[in-house]
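I have placed the structure first, in the form of structure tokens, so that the comments after it can refer back to it.
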Amino acid sequence: MVGVMGVITAITVPLIADAMDRYEVISASQQVASTVRSARFQAVARNQVLEVQFDLEAGEYRVFEDGGVTPVGELQRLPTGVSFDAGSAVMVEIQPTGRVTGAATITVSNGNEVNDRTITVSTSGRVQLQ
């Protein structure tokens, strides 16, 4: 009986750990996408340009106004073990029309390519999480 429990534990622990890693990446990428969407709605409502700036190395992001000078809201941080891919955009500039100056791609990763999630922001301002 103890041997069977040991085998079951040996099988399930790695599966649970992988599921938790995947969940952290999904949750973090949903938060990033939500922040970009929220900034888009705020830009339209305020009739002003807003920027979402990403610090790829620190794993942080924040919304700014006034040409990237004045912070809007809190500084957001990715969870420990989750990071932005080096090829991710460092800024998404949102116009008062809701359109984006240039299309952007932000990839959230935990080092396991299978778990990576990509957020794309089209020039029309549409935010997609894949």
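Bear in mind that the values in this text are calculations on the coordinates, not laboratory data. Bear in mind the structure is a predicted one, so any value in this text is a computation, not a measurement. Positions of Cβ are generated from backbone atoms using ideal geometry, with glycine treated the same way; all protein chains shown enter the neighbour counts.
Here are a few things to note about the model shown:
- Some residue of the stretch 107-115 being free of Cβ contacts under 8 Å to residues at least 40 places away in the same chain, assigned to a strand (DSSP E or B), touching a strand residue (DSSP E or B) at 6+ places or on another chain (Cβ under 8 Å) and surrounded by 13 or more Cβ atoms within 10 Å (Cβ to Cβ): yes
- Test result for Val100, hydrophobic (A, V, I, L, M, F, W, C) and closer than 14 Å to Glu51 by Cα: yes
- So Val121, is it over 16 Å from the mean Cα position of the chain (by Cα) and of a type in the set (A, V, I, L, M): no
- Answer from Phe54, Phe64 - the residue that is of a type in the set (Phe, Trp, Tyr) and either surrounded by fewer than 19 Cβ atoms within 10 Å (Cβ to Cβ) or in contact (Cβ under 8 Å) with a residue 24 or more places away in the chain (or both): Phe54
- Here Val44, Val100, Val92, Val82 are screened, and the one residue that is farther than 21 Å from Asp21 by Cβ, of a type outside the set (Lys, Arg) and under 15 Å from the mean Cα position of the chain (by Cα) is Val92.
- Scanning the stretch 94-106 for residues that are touching a residue at least 40 places away in the same chain (Cβ under 8 Å) and surrounded by fewer than 20 Cβ atoms within 10 Å (Cβ to Cβ) yields a count of 4.
- Selection count where residues are in contact with a Leu (Cβ under 7 Å, 6 or more places away or on another chain) and farther than 13 Å from Ala58 by Cβ, scope the stretch 87-98: 1
- The conditions of being among the polar types (S, T, N, Q) and assigned to a strand (DSSP E or B) are not met by Thr97.
- Residue ID - surrounded by the fewest Cβ atoms within 10 Å (Cβ to Cβ), chosen from residues in the stretch 74-91 that are in a strand (DSSP E or B) and in contact with a Ser or Thr (Cβ under 8 Å, 6 or more places away or on another chain): Gln76
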